[in-house]
Amino acid sequence: MAGVVTWCPSSAAAQHLAADGVVVSAAAPAVLDSSGPAPCVQWPIKGKISLDLTEGAWTTEGAMTFTRASDGRSLSFTGAHGDLARRTLSADASVAGEAPQPVDLSTYELDMTKMTVTMPSLSSPGAVVAEPFDTMLTQDGAAVFSRAYGASPVPAGSSLATVAARVDVVPDLG
């Protein structure tokens, strides 16, 4: 499986970050898409998932960094990965250049009405397309934002971001 996942801060998170002077950036191969109301990070992903979306995992490359203009304080996330069985998005978080530490950043529920699965065939790969869905900030995610900026952009349990994805899948013939 290979594709792209798009991470966009929720409107509440984007408003809080903007009010605090915090901007989002991306490091290759992740890219920043500033065409919408809030900047979104597009991460290339790869992994292995079941077509019923009950199990599997994916990983990303690149980084997403939040930087506060007033003091240059930063929070970077690298090595983002998702676990479909646990419905978690985790990453290595680095506050102000410290050594990265793993953190379960957010959780999510899949709304199957927002999912389109095209089965693979011998002549073409299948695909999974997920329309944007909410991810909920975990306690650990809120804590790492608070360490970086004194407060989290949204309370734990609230929507930190929406995530959308498109991945091509090939059958496991092994």
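The values are calculated or read from the model by the stated rules, or taken from the named source; none is laboratory data. Everything quoted here is computed from the prediction, not taken from an experiment. So basically every Cβ, Gly included, is an ideal-geometry build from the backbone, and we count neighbours across all protein chains shown. Ligands, DNA and RNA are stripped out before the accessible areas are found, and what is left, the full protein with its side chains, is counted by its heavy atoms. Shrake-Rupley method; radii C 1.70, N 1.55, O 1.52, S 1.80 Å.
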Subset of region 14-55 (residues that are open to solvent by less than 50 Å² (accessible area, probe 1.4 Å) and more than 16 Å from the chain's Cα centre (by Cα)): LEU17, GLY21, VAL22, GLY36, ILE49, SER50, LEU53
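Every residue, every condition in (1) under 17 Å from the mean Cα position of the chain (by Cα); (2) of a type outside the set (S, T, N, Q), yes or no:
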site: LEU105; (1), (2): yes, yes
site: THR138; (1), (2): yes, no
site: SER146; (1), (2): no, no
site: ALA161; (1), (2): yes, yes
site: ALA164; (1), (2): yes, yes
State whether one or more residues within region 124-134 are more than 15 Å from the chain's Cα centre (by Cα), modelled with pLDDT of 90 or more, open to solvent by 60 Å² or more (accessible area, probe 1.4 Å) and not hydroxyl-bearing (Ser, Thr, Tyr). no
As an exercise: evaluate ALA80 against (1) at pLDDT 95 or above; (2) touching a Ser or Thr at 6+ places or on another chain (Cβ under 7 Å) and give the number of the one condition it does not meet. (1)
Name every residue in region 73-87 that is open to solvent by 20 Å² or more (accessible area, probe 1.4 Å), under 17 Å from PRO153 (Cα atoms) and either small (Gly, Ala, Ser) or free of Cβ contacts under 8 Å to residues at least 60 places away in the same chain (or both), in order of residue number. SER74, SER76
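Please determine, by comparing only the residues of region 56-84 that are charged (D, E, K, R) and assigned to a strand (DSSP E or B), which one is farthest from VAL4 (Cα to Cα).
Step one: of region 56-84, the residues charged (D, E, K, R) are 61, 68, 71, 73, 83.
Then keep just the ones that are assigned to a strand (DSSP E or B); that gives 68, 83.
Values: ARG68: 27, ASP83: 16 Å.
So, considering only residues that are charged (D, E, K, R) and assigned to a strand (DSSP E or B), the one farthest from VAL4 (Cα to Cα) is ARG68.
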Could you tell me which of the residues SER70, SER94, SER90 is of a type in the set (Ser, Thr, Tyr), open to solvent by less than 50 Å² (accessible area, probe 1.4 Å), more than 13 Å from the chain's Cα centre (by Cα) and under 25 Å from SER11 (Cα atoms)? SER94
Among the numbered criteria (1) among the β-branched types (Val, Ile, Thr); (2) surrounded by 12 or more Cβ atoms within 10 Å (Cβ to Cβ); (3) free of Cβ contacts under 8 Å to residues at least 24 places away in the same chain, which single criterion is violated by THR113? (2)
Restricting region 34-49 to residues that are aliphatic (A, V, I, L, M) and farther than 16 Å from ASP168 by Cβ, the one modelled with the highest pLDDT turns out to be VAL41
Of everything in region 2-13 that's more than 22 Å from VAL95 (Cβ to Cβ) and open to solvent by less than 40 Å² (accessible area, probe 1.4 Å), which residue is modelled with the lowest pLDDT? GLY3
Which number in (1) touching a helix residue (DSSP H, G or I) at 6+ places or on another chain (Cβ under 9 Å); (2) open to solvent by 30 Å² or more (accessible area, probe 1.4 Å); (3) of a type outside the set (A, V, I, L, M); (4) within 18 Å of ARG147 (Cα to Cα) marks the one condition that PRO100 misses? (1)
Kindly indicate which of SER121, SER152 is surrounded by 14 or more Cβ atoms within 10 Å (Cβ to Cβ), of a type in the set (Gly, Ala, Ser) and in a loop (DSSP other than H, G, I, E, B). SER152
Any residue at all in region 136-146 that is open to solvent by 50 Å² or more (accessible area, probe 1.4 Å) and at pLDDT below 95? no
